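S.K.: Got a structure here, written out as structure tokens. Questions coming.
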Amino acid sequence: MNIARLIASGLGAGHAPGAPGTAGSLLALVLGVPLLIGPPWALPLAALAAVLGGVWAIRAARAGGDPGWVVIDEVAGQWIAMLGLARPTWQGLLAAFVLFRLLDIAKPGPIGWADRQGGAAGVMADDVIAGAGAALILVALRLTFPALLG
């Protein structure tokens, strides 16, 4: 496996049987906790690197369409969703995971539109938008229920 395929597959998470997108999101959740605890620039920078690196890796791996093993888009989207958390609580992490996966699977509105666009940028775009939507919902929930999500 070359470096482009390793990145595109989310360090191999995309080869998980059954639900590779969910595996990619879970990997991102685990890797994202130390980034969320770290300096305030760590998670946003990692999310940006995942988006840009994902576009490159998908192109370099010559992944046609949106094959199931490509999950770098889920990694980027999950990290973007986690930007809506002030700190990692189990409730917040669970909410970030569930909200992102729901939006990514249901693909409402602009998420579905982005999913229908072609190429590596299109593969990444729907998850970036789903992550941003989840982050906005998390911020609203955090402001409404501060004791629940911190």
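Just so it is clear, none of the values below were taken in a lab; they were calculated from the coordinates. Every value quoted in this text rests on a predicted model; they were computed, and no experiment measured them. A quick note on method: Cβ atoms are made from the backbone with ideal geometry, for glycine too, and the neighbour counts reach across all protein chains shown.
S.K.: Order the peptides 51-62, 75-86, 5-16, 137-148 from the highest to the lowest mean number of other Cβ atoms within 10 Å of their residues.
M.R.: Top to bottom by mean Cβ count within 10 Å: 75-86, 5-16, 51-62, 137-148.
S.K.: A further question on this structure: At q = 0.16, 0.19 Å⁻¹, what base-10 log of I(q)/I(0) does the Debye formula yield for the chain when every alpha carbon is treated as an equal point scatterer in vacuo?
M.R.: Once normalised to I(0) and log-transformed, intensities are -0.77, -1.07.
S.K.: Here is a follow-up. Hey, can you rank 28-34, 88-94, 43-49, 120-126 by average C-beta count inside 10 Å, highest first?
M.R.: Put in order of decreasing packing, that is 120-126, 28-34, 43-49, 88-94.
S.K.: In addition: Taking the Cα centre of the range 3-149 as origin, work out the dipole magnitude from +1 charges on Lys and Arg Cβ and -1 charges on Asp and Glu Cβ, in debye rounded to 20.
M.R.: Magnitude of the dipole: close to 120 debye.
S.K.: For the chain, what is the relative contact order in percent, using Cα pairs closer than 8 Å and at least 6 residues apart in sequence?
M.R.: 27 percent
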